[in-house]
Amino acid sequence: MTVTRVNLMRIIMIAAAVAVSISPALAQGLPGDFMFLRDIDPTIIQDIRYATSDNFMGRRMAGYDAAECVVKRGVGLRLKAVQQELAPQKLSLKMFDCYRPVRAVADMVAWSKKGRETAAEHRYNPAFSKADLFRLGYIATHSGHSTGAAVDLTLVDLTADNSGKFDPAKDYADCTAPAAARAPEGSIDMGTGYDCSDTRAHTASSSITPLQRRWRNTLVAVMSGQGFVNYSKEWWHFSLPGAGREAYDFPIPPHRN
């Protein structure tokens, strides 16, 4: 074997080693230690609303190029631990939102400043105008979601019928109405729909049933057991302190198998 061929073999071996060591995040085109949650735990259900028309803006938001939950690796590992704790109870987490590009936050701000509000949009904030959402703390101009350290989620009873699908042409009741009248979410009834900007959606609200209260307490308890902190005005919002500081603006790409 000549020296040239030896060197060539060494280069090939080094290149192979580097290829193996490339992180899944980098291989998927994600920066830093961001990862697709499905690569950490594919059993966690995903219903990423901002990549669809089933949200308070009624359309896909800027930066949501795919309906994928992207999180910091440490956040994903703790979500996996929560899922493992829920599994024996025939329960599952369901993700509504994870990493949120800064451009999506800007999209929300621009939407709130447009005076026109449709009846479908008003379902999410039945007690006041969308212009008040930021002032009242229901939407933030700088979101922890953009750091990859915050998530919106709920619980799913895997033994229940979760087959209901959202119909954009249907005239649903507002987010505080009984679950049968609200837009279907395929999850446990927590007393309001997701993204409901109303005092009834405050985690400790006294305007819900004892059963709804028990389910909220269950969600908070299982999440806090892994270090997540709930936002008091939104029963679905949790963040992991210290998991992310820098806000990112990369679009959410499709997952590549």
Item checked: Subset of the range 76-105 [of a type in the set (A, V, I, L, M, F, W, C) and under 12 Å from the mean Cα position of the chain (by Cα)] -> 79, 93, 95, 96, 98
Check: Where residues in the range 219-257 are among the polar types (S, T, N, Q) and buried (at least 16 other Cβ atoms within 10 Å of the Cβ), which of them is nearest to residue 85 (Cα to Cα)?
Finding: 226
Checklist line | Subset of the range 203-213 (residues that are closer than 24 Å to residue 240 by Cβ and surrounded by fewer than 18 Cβ atoms within 10 Å (Cβ to Cβ)) | finding: 204
Check: Which of the following residues is over 15 Å from the mean Cα position of the chain (by Cα) and polar (S, T, N, Q): 257, 230?
Finding: 257
Notebook entry, point to check: Residues in the range 159-171: is at least one in the same structural domain as residue 133 (by TED's automatic domain parsing), under 20 Å from the mean Cα position of the chain (by Cα) and within 13 Å of residue 123 (Cβ to Cβ)?
Noted result: yes
Margin query: under 19 Å from residue 183 (Cβ atoms) and out of contact with any strand residue (DSSP E or B) (no Cβ under 8 Å at 6 or more places or on another chain): is that true of residue 96 in this structure?
Written below: no
Note to self: Would you confirm whether or not the range 175-189 contains a residue that is closer than 29 Å to residue 106 by Cα, in the same structural domain as residue 71 (by TED's automatic domain parsing) and either over 21 Å from the mean Cα position of the chain (by Cα) or surrounded by fewer than 16 Cβ atoms within 10 Å (Cβ to Cβ) (or both)?
What the structure shows: no
Check: For the range 24-105, which helices (runs of 4 or more DSSP H) that fit wholly inside it have 1 or more residues that are surrounded by 22 or more Cβ atoms within 10 Å (Cβ to Cβ)?
Finding: 37-40, 73-86
Note to self: Quick check on the range 117-132. Is at least one of its residues within 30 Å of residue 43 (Cα to Cα) and either surrounded by fewer than 20 Cβ atoms within 10 Å (Cβ to Cβ) or touching a strand residue (DSSP E or B) at 6+ places or on another chain (Cβ under 8 Å) (or both)?
What the structure shows: no
Next item on the list: Filter the range 121-162 down to residues that are out of contact with any Cys (no Cβ under 7 Å at 6 or more places or on another chain) and of a type in the set (Lys, Arg) and give me whichever is farthest from residue 240 (Cα to Cα).
Entry: 130
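The values are calculated or read from the model by the stated rules, or taken from the named source; none is laboratory data. Given the structure is predicted, the values throughout are model-derived calculations rather than measurements. Using ideal geometry, Cβ is built from the backbone for each residue, glycine included, and neighbour counts are taken over all protein chains shown.
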